[in-house]
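One structure is given here, and the rest of the page talks about it.
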Amino acid sequence: MSPHGNGNLSVMTFQEFLLEGFEGGLQTQALLFALFLALYVVAVLGNLTMIVVITLDARLHFPMYFFLKNLSFVDLCYSSVIYPKALANFLSSSKVITFAGCATQFFFFSMLVTTEGFLLALMAYDRFMAICSPLRYPISMCPSVCACLVLGCYCGGSFNSIVQTPLTFTLPFCGSNHIDHFHCDVPPLLKLACADTMTNELVMFGLSGLIIMGTTLVVLVSYGYITVTILRMSSGEGRHKLFSTCGSHMTAMSLFYGTLFVMYAQPGAVESMEQGKVVSVFYTLVIPMLNPLVYSLRNKDVKDALWRLGQKHTAK
């Protein structure tokens, strides 16, 4: 790192950062490593299974499963952007990440986690169209429309990342290069900056708040209409099945949006790093692990597809 003068303040251009991760001795670090590794393996296997099953089974080539496959892909990618490095740091005395590596990790993490938020809103809208407008559904959600909607989700995630990444990593950092987190994120990086970060915080709170509130509104309105439609059904069994499925989906979405709101879209979120680490584990690891379980174990079509693939495998 090369210092240069800036009045009485010594500003450093760091070539590397240190990810401090979680506090604790060797035993605590080993326990956390085992826990995080188990969760990460389950998340990878679950999301890979969903991608393979939906790709190979022609009976699942419908909009809902196309969106679900993209959700599994995003979950797989953004947990993999963070946890291989985090797991290595649990067992290493050197927790170094280069400046370029930190910026790259943050860019892809920010892009993918934002894309997931848009995808969850899109999946809620898809269920709204399927349940509330079944006659229009095949036309409204044709393959070309679905592809454009998913592309829009990725573009929205990319826009957020393109705004946030240079705004954060062009800040002058001084004093310490120790990031009080287990991955590169805006709040802990802002604490290392030796310049006024008010603009960065306003952009983070404003942009994150707009995305979270906008997508949450789509989810709530969609499931509101779905609930009204279900209540009008004459079949009690049909109502129970749909309520059960939609309830699990709403739980998964609430956990995702809630943790993001706590971390990025409220004033004061930057100050509580210890809380931030725990909250980050939920939306970077626990939710990617839970999504395949929520959307497959409670879905008869996916379970049937898994059974058919298993039968083909044993037949060979």
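Placing unit charges on each Cβ (+1 for Lys and Arg, -1 for Asp and Glu) gives the chain a dipole about its Cα centre, and among T55, G214, N89 the Cα reaching farthest toward its positive end belongs to T55. Among the listed pairs K277/K303; K85/K277; K69/K303, a Cα-Cα separation exceeding 24 Å is found for K277/K303.
Span-like helix criteria (full DSSP H runs; alpha carbon extent of at least 27 Å along the helix axis; mean Kyte-Doolittle hydropathy of at least -0.5) are satisfied in the chain by 26-56, 63-90, 99-132, 143-169, 198-231, 236-264. Taken as Cα centroids, the stretch 120-145 and the stretch 13-55 sit 35 Å apart, rounded to the nearest whole angstrom. Positive contributions from Lys and Arg (+1) and negative ones from Asp and Glu (-1), summed over other residues with Cβ under 13 Å from the Cβ of Q29, come out at -1. Of the residues H178, C77, L309, the one whose Cα sits farthest towards the positive end of the charge dipole of the chain is L309 (charges of +1 on Lys and Arg Cβ, -1 on Asp and Glu Cβ, taken about the Cα centre).
Measuring from each cysteine beta-carbon in the chain, the ones with no other cysteine beta-carbon under 4.7 angstrom are C77, C132, C142, C146, C148, C153, C155, C246. Given the alternatives (i) 57, 38, 37; (ii) 57, 44, 34; (iii) 74, 44, 32, Cα extents along the principal axes in Å as computed for this entry is given by (iii). Would you calculate, for the chain, the mean residue ellipticity at 222 nm contributed by helices, counting each DSSP H stretch of 4 or more residues as -39,500 (n - 2.57) and dividing by all residues, to the nearest 500? It lands at -25000 deg cm²/dmol.
The C-alpha radius of gyration of the stretch 63-146, expressed as a fraction of 2.2 N^0.38 Å, stands at 1.53.
Bear in mind that the values in this text are calculations on the coordinates, not laboratory data. A quick note: this is a predicted structure, and the numbers were derived from the prediction, not measured. Virtual Cβ from ideal backbone geometry, glycine too; neighbours counted across all protein chains shown.
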